[in-house]
Structure formats: C-alpha cells, structure tokens
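Enquirer: Below is the structure I would like to discuss, written out as structure tokens.
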Amino acid sequence: MATEPVQIPIDQLRRALDVALRHIEASAGPTVTLREDLFWSVSADELYSVDSEPLALTIGQLSESWQHVEDLLARQDRAVGYHLVWLADVMRAIGQDIP
C-alpha cells in the first residue's frame, strides 16, 4: 500500500493553521479549555503501519504536551521537531471539541 510522499509547503501550513486558529478564536474566544487530560497514544513505530493493528497503546497527557509547548515559547533556541507532536496533541483536542 505504498503511496507517494506528500509535499507540504511550510508557508501554506502556517496559513492554514492561522485560518483554523482564527476560527477557533471566533468560536470560543481567546482561551480554550481542554475538558480531558489523558488520551490514548500510538507509538511512532506503529502509527503509520496501517497493515497491522497497533500492539501497544500508551497514555498521553494533554497538560504535559501543553507544558512542552510553553517551554518551547520560553526557550525557542531549544526547539526540536517533536514539539510539533506535542502541539498536535493539543490541537487535536481543541479541534475535536470545538465545531
């Protein structure tokens, strides 16, 4: 089930995030409240292996993911790619909660 890699221009990604966040802000105001904290997480090794079911689910914590994002804002010189994963945890929770 191989597919071609998807090329995503960073400027379009940034614009899409801005549009989505403006929608959330218009709907919910300047602050959102996450009603849940714990969530199921699939390991990176298994996340994209769609030809088999994940063997091990782990538990993630939105408050911990958000803390990593806040740490990034405080120390931008320590940015790593995984900050996008933590940010995605939070964005998913917001997106699933606010229409």
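Enquirer: Mind listing whichever residues of region 31-55 are more than 13 Å from Ile94 (Cβ to Cβ) and out of contact with any strand residue (DSSP E or B) (no Cβ under 8 Å at 6 or more places or on another chain)?
Expert: Initial filter on region 31-55 (more than 13 Å from Ile94 (Cβ to Cβ)): 37-38, 40-55.
Within region 31-55, Ala44, Asp45, Glu46, Leu47, Tyr48, Ser49, Val50, Asp51, Ser52, Glu53, Leu55 meet the criteria.
Enquirer: Out of the helices (runs of 4 or more DSSP H) lying entirely within the chain, which hold 3 or more residues that are open to solvent by 50 Å² or more (accessible area, probe 1.4 Å) and modelled with pLDDT of 95 or more? Outline the logic, then answer.
Expert: Details: elements: 10-28, 44-47, 62-74, 83-97.
Output list reads 10-28, 62-74, 83-97.
The values are calculated or read from the model by the stated rules, or taken from the named source; none is laboratory data. Here the structure is a predicted model, which means the values were calculated and not measured. All Cβ positions, glycine included, derive from the backbone under ideal geometry; neighbour counts span all protein chains shown. Surface areas here come from the heavy atoms of the whole protein model, side chains and all, with no ligands, DNA or RNA. Shrake-Rupley method; radii C 1.70, N 1.55, O 1.52, S 1.80 Å.
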